[in-house]
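Derivation of every value follows stated rules applied to the coordinates shown; laboratory data play no part. Owing to the predicted nature of the structure, the values given are computational and were not obtained by experimental measurement. With ideal geometry, Cβ positions are generated from the backbone for all residues, glycine too; neighbour counts draw on all protein chains shown.
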Amino acid sequence: MMIRLLLTTLIMVAGSAYALQPPSVPGLLPTEIARPLLEQDPRVAAARAGLEVAKQESSILDKSPYEWTGKALGQRRSLDTGPRYREWNVGIERTIRLPGKGSADRNIGKATIEESEARYGEALHESARELVSLWVDWLAAERGRELAAANLVAVQENLKSVDKRLRAGDASKLDLNLASAELAEQKRMDNDAKTQAAAAWARLSVRFPGINRQSVLLPSPMLIAEDEARWRDRIIAESDELKVVQTQLRIAQAQADRAQADRVPDPTFGVYTASEVGGRERISGVTISIPLPGGLRDSRSSKALAAVEVARNAVDLKKRELETEIASALVTARGTYESLQIANEGALAMQENAKLVQRAYALGEGDLQTLLLARRQTTSAANSALLAQVGALKAYYGLLIDAHLIWGLDSE
């Protein structure tokens, strides 16, 4: 029984570990290239600077907000029937922060740092999603340019076939004009594809300067085969967006503790010495003053407690929103992957059909309209497959980024 239980535990642990392993995705930007691009992104740099601000804020909260205050008083005493005397009074005093308030302030500072760390991780996450999107768009545009160039060659071959049949007396001048018009349209589409590829690269290279232009094939996504619960648990555990609201809850709780402790005012202690009657009398002593608390302190404490409840509901809402997004993302990733397979099958079938029609037309066994229609259907099917691949790839990469499985995002 114990052996069976041990084996079951090992299998569960191995399965969980497998689900958390960063997958090997051919064509994905290497970490050594992507990570510097993310670190130098202004969004990430601003979050990193914000983290330094939070550390300074924590250091400030760790120290007492009160300082020593020096006092000096000079006066002259005049008697109606006697001489005049010079008198003075000097002292120092300081308000003392009670221990409970110091502990609450330190908790606020610690939670503030944790919030900034979460915001830094979220900035990396958002920049990574943007980098992936722009990078996939560029690769897709380059693939679209290649398809347009291949279609242009095919249409040029069609025109040669029409011209050959025209010289043989087996085609009309109208067929030649139609083939020429088709070639002109394909040239326009080829130029549009080149423009889109150049624009996609401009968006990528300007948004993330320093990226090198390399010839990379558009990768193919992988099937999401793991249990949805593993993806959900992983993404929720790694979600910096959720961590932000969770740390905000801890800050609100610490501020409520501070407001509760502040219902008891901080006392002020001091020491002084005085000289009176021209130095004939020397006085020294200590002072203590404590503000008399009123209803304002109770109101501030009640307000802080209400803010805790607001923050707690914000955490619950964010977690529910996150679970909704994860469920939708998993369904989308699987659905787009299946659509890609169907689109690829359709594109291959249309490509084979175009070859058969092209061969039949060259042998004089088909008409031009059928040939042009087959070519257009092939182009449309190829473009549809490309769009399906882009959608599936973005959905797949989006899950990898949300789960922090690539580019070292799990270390943040």
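Some observations on this one:
- Greater than 32 Å apart at Cα, pairs in 55/319; 164/187; 101/318; 318/394; 243/303; 110/394: 110/394
- Relative contact order of the chain, defined on C-alpha pairs under 8 angstrom at six or more residues apart (%): 24
- With Cα atoms defining each centre, region 184-227 and region 107-124 are spaced 35 Å apart in the structure.
- Inter-probe distance in nm under a simple model that places probes 7 Å from Cα toward Cβ, at residue 222 and residue 45: 3.4
- Likely footprinting exposure, 288, 236, fewest C-beta neighbours within 10 Å first: 288, 236
- Dipole of the chain, positive end: most advanced residue of 311, 74, 176 [Cβ charges, Cα centre]: 74
- From its DSSP helices (H runs of at least four residues, each -39,500 (n - 2.57)), the chain gives a residue-normalised ellipticity at 222 nm of -25500 deg cm²/dmol.
- Between the labelled values [x] 38.0; [y] 26.8; [z] 20.7, the entry that holds mean projected area of the Cα convex hull in nm² as derived from this structure is [x].
- Only aspartates and glutamates eight or more places from residue 160 in sequence, or on another chain, were considered; those with a Cα closer than 13 Å are 175, 182.
- Fewest-first ranking of 215, 133, using other Cβ atoms within 10 Å as the exposure measure: 215, 133
- Cα-based reach from residue 63 at 18 Å (exclusive), listing aspartates and glutamates while leaving out same-chain residues under 8 positions away: 52, 93, 105, 257, 262, 266
- Sum of side-chain charges, residue 328 neighbourhood, beta-carbon under 14 Å (Lys, Arg +1; Asp, Glu -1): -1
- Qualifying trypsin sites (Lys or Arg not before Pro) for region 199-261 [loop in DSSP, other Cβ within 10 Å: at most 12]: 213
- Residues 302, 78, ranked from the fewest to the most other C-beta atoms within 10 Å, line up as 78, 302.
- Extension gain for residue 292-residue 360 works out to 14.3 nm (0.36 nm per residue, less the C-alpha to C-alpha distance).
- Here the simple spin-label model places points 7 Å from the Cα toward Cβ, and for residue 160 and residue 324 these points are separated by 5.8 nm.
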